[in-house]
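Structure below; questions to follow.
The values are calculated or read from the model by the stated rules, or taken from the named source; none is laboratory data. All values reported here derive from a predicted model rather than from experimental measurement. In this analysis, Cβ positions are derived from the backbone assuming ideal geometry, glycine residues included, and neighbour counts consider all displayed protein chains. Remember, those area values only see protein heavy atoms, side chains included, never the ligands or the DNA or RNA. Shrake-Rupley method; radii C 1.70, N 1.55, O 1.52, S 1.80 Å.
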Amino acid sequence: PVPQMAGGIAAVELRYDQPRHTGLVDETRLVTASGAEPTSEVFDLAVAALCGLLAAPLLFNFAFWRVLRQRFLVWHTLMVVFMLVQTAVTSGLITHFARLPVSTVFHLGIFSLTGAAAMGSLFAASMIEPGKIDPLHRRLLEWSVLWGLAISVFYVTATGPAAAYAPTKVLKAVILMT
């Protein structure tokens, strides 16, 4: 809460130490004491509906697994789970269900995106029929999982001189009050 002042507030200065992306600053805003914005309920309902749509393939995958027992169903199921987590985290819907530290939300966002991409690569490698893609490209799809994981781990853990290769170290934002 902002302390009460006789003359009102002219500006609020926020300092972000070691942010990893500009979205943190872009999405920062002051809201009413209740924390609710007029459009947030509609947005939350739309995101919840999207999460519900993402849950449907999970049910189909479990049903298909009983019959097919193919590896691509496992990769597709995991890909959908990661996409569901990514949607809930990046939209902020997860904050309605759990109080998570910002660092945890950050890590969930990064690794759910990495997981969705990785599982998508493995899904494609196991789903594409033999002979329709040469063995080299199939292997590259499978090895791209490790490359994506390595990039994500570097992005999350880069400190010191290596941090220059990850997004900005310190951002400063000033929000003017009217």
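Please count how many residues of segment 145-161 are more than 18 Å from residue 122 (Cβ to Cβ) and open to solvent by 80 Å² or more (accessible area, probe 1.4 Å).
Qualifying residue count, segment 145-161: 4.
Another question, if that's okay. Answer with yes or no whether residue 132 is modelled with pLDDT of 70 or more and basic (Lys, Arg). Spell out how you get there, then give the answer.
Numbers: modelled with pLDDT of 70 or more: yes; basic (Lys, Arg): yes.
So residue 132 passes the test.
Shifting gears a bit: Considering each residue of segment 38-95, count those that are under 15 Å from the mean Cα position of the chain (by Cα), in a helix (DSSP H, G or I) and of a type outside the set (A, V, I, L, M), and give that number.
Adding up the residues that qualify gives 7.
Which residues, taken from segment 96-120, are more than 10 Å from the chain's Cα centre (by Cα) and among the aliphatic types (A, V, I, L, M)?
The answer is 98, 100, 102, 117, 118, 119.
Out of the residues in segment 1-24 that are surrounded by 11 or more Cβ atoms within 10 Å (Cβ to Cβ) and at pLDDT 65 or above, state the one that is nearest to the chain's Cα centre (by Cα). Let's see the steps before the verdict.
Let us first name the residues in segment 1-24 that are surrounded by 11 or more Cβ atoms within 10 Å (Cβ to Cβ), namely 9, 12, 14, 16, 18-24.
Pick out the ones that are also at pLDDT 65 or above and you get 9, 12, 14, 16.
Values: 9: 34, 12: 28, 14: 24, 16: 20 Å.
Among those that are surrounded by 11 or more Cβ atoms within 10 Å (Cβ to Cβ) and at pLDDT 65 or above, it is 16.
If you check residue 90 against the conditions, is it open to solvent by 70 Å² or more (accessible area, probe 1.4 Å), without any contact (Cβ under 8 Å) to a residue 24 or more places away in the chain, of a type outside the set (A, V, I, L, M, F, W, C) and touching a helix residue (DSSP H, G or I) at 6+ places or on another chain (Cβ under 8 Å)?
On the way: open to solvent by 70 Å² or more (accessible area, probe 1.4 Å): yes; without any contact (Cβ under 8 Å) to a residue 24 or more places away in the chain: yes; of a type outside the set (A, V, I, L, M, F, W, C): yes; touching a helix residue (DSSP H, G or I) at 6+ places or on another chain (Cβ under 8 Å): yes.
Yes.
Any chance you could count how many residues in segment 106-133 are surrounded by fewer than 16 Cβ atoms within 10 Å (Cβ to Cβ) and either among the hydrophobic types (A, V, I, L, M, F, W, C) or on the phi > 0 side of the Ramachandran plot (or both)?
4
Okay, moving on. Any residue in segment 132-160 that is free of Cβ contacts under 8 Å to residues at least 24 places away in the same chain sitting within a Cβ distance under 9 Å of a residue that is open to solvent by 80 Å² or more (accessible area, probe 1.4 Å)? List the pairs, counting only those 6 or more apart or interchain.
Sorted first by the residue in segment 132-160, then by its partner, the pairs are 138/130; 154/165; 158/164; 158/165; 159/18.
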